[in-house]
Amino acid sequence: MYKHTDVIINRMVVVMNFNTKTVSKLIGITNRQVDYWDKTHFIKPSAQEATGYGSTRLYSFADLIRLKVAKTLREKGISLQKIRKSLSYLKTHMPDVEYPLSDLKFLTDGETIFVLTKDSQEIVDTLKNGQLIFSVSLGIIVDELRGEVKAHHDSKEYAVKVMKNKYQVILHADTEDGGYWVECPDLPGCVSQGDTIEEALEMIKDAINGCLEFLPAKKKTASIS
């Protein structure tokens with residue numbers, strides 16, 4: 001069984017960290033919301049905290065789970081204040097649970113937050129009230145996040161045209177610094193980067209053009225058709 005911090009990528013267990021921009025994209029919340037939740041000590045990054053202006057926060061995969069659960073509860077009508085009160089209660093009554101949002105299963109009717117515990121009678125009593133209970137399934141959230149992280153992490157191949165020739169390039173997501181970096185296998189050492197896919201592909205064209213200036217003429221056509 002893998003820990004929450006482990007992400008399975010192509011059958012390998014990879015420990016990954018994610019900056020604010022990547023977190024925002026994966027979870028579906030704004031950079032400002034990530035920043036606010038950190039500064040108000042609601043959900044802070046466990047891999048690396050910001051140390052000042054321009055510094056980078058780094059979130060672990062377990063942090064992504066906590067953010068996703070919080071976002072799901074908010075979408076079901078639970079206020080941030082209620083989530084904070086719930087977490088405060090859990091820290092007092094379940095001190096052995098370090099990160100409730102990623103280690104417990106929550107139930108909500110849109111008004112109250114319930115926690116699934118080993119005492120099944122508590123669940124039965126809740127259902128007898130006749131309220132519609134929504135379950136935040138941690139297993140599903142973890143599986144969905146792993147899929148999204150894998151899709152974001154996987155390399156993608158593109159073809160770019162430079163001086164009437166097409167070159168195969170490989171695009172990689174940069175989860176820590178943000179944006180993308182791209183390489184051209186036909187030209188070893190030819191690498192560039194960009195904040196977006198489009199920018200990275202444009203930048204690699206310039207890099208390829210620059211590399212070609214230093215290659216013998218016969219190698220300049222080493223491209224894909």
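In table form, for the structure just shown:
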{"item": "Residues within region 21-71 that are part of a loop (DSSP other than H, G, I, E, B) and of a type in the set (A, V, I, L, M), tallied", "result": "4"}
{"item": "Subset of region 157-183 [closer than 15 Å to residue 193 by Cα, in a loop (DSSP other than H, G, I, E, B) and either open to solvent by 30 Å² or more (accessible area, probe 1.4 Å) or in contact with an Asp or Glu (Cβ under 8 Å, 6 or more places away or on another chain) (or both)]", "result": "174, 176, 177, 178, 179"}
{"item": "Odd one out for residue 136, checked against (1) at pLDDT below 85; (2) closer than 30 Å to residue 211 by Cα; (3) aliphatic (A, V, I, L, M)", "result": "(2)"}
{"item": "Candidate set from region 140-195 (those that are closer than 17 Å to residue 59 by Cβ and basic (Lys, Arg)); member that is modelled with the lowest pLDDT", "result": "150"}
{"item": "Residue 119, sole failed condition from (1) at pLDDT below 75; (2) touching a Pro at 6+ places or on another chain (Cβ under 9 Å); (3) of a type in the set (Asp, Glu)", "result": "(2)"}
{"item": "Residues of region 88-115 satisfying the condition of being open to solvent by 20 Å² or more (accessible area, probe 1.4 Å), among the hydrophobic types (A, V, I, L, M, F, W, C) and farther than 26 Å from residue 148 by Cα", "result": "94, 97, 113, 114, 115"}
{"item": "Looking only at region 21-78, and only at residues there that are among the hydroxyl-bearing types (Ser, Thr, Tyr) and open to solvent by 40 Å² or more (accessible area, probe 1.4 Å), the one that is farthest from residue 142 (Cα to Cα)", "result": "53"}
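The values are calculated or read from the model by the stated rules, or taken from the named source; none is laboratory data. What you are looking at is a predicted structure, and each value in this text was computed from that prediction instead of being measured. Virtual Cβ from ideal backbone geometry, glycine too; neighbours counted across all protein chains shown. Calculation scope for accessible area: heavy atoms of the full protein, side chains included, ligands and nucleic acids excluded. Shrake-Rupley method; radii C 1.70, N 1.55, O 1.52, S 1.80 Å.
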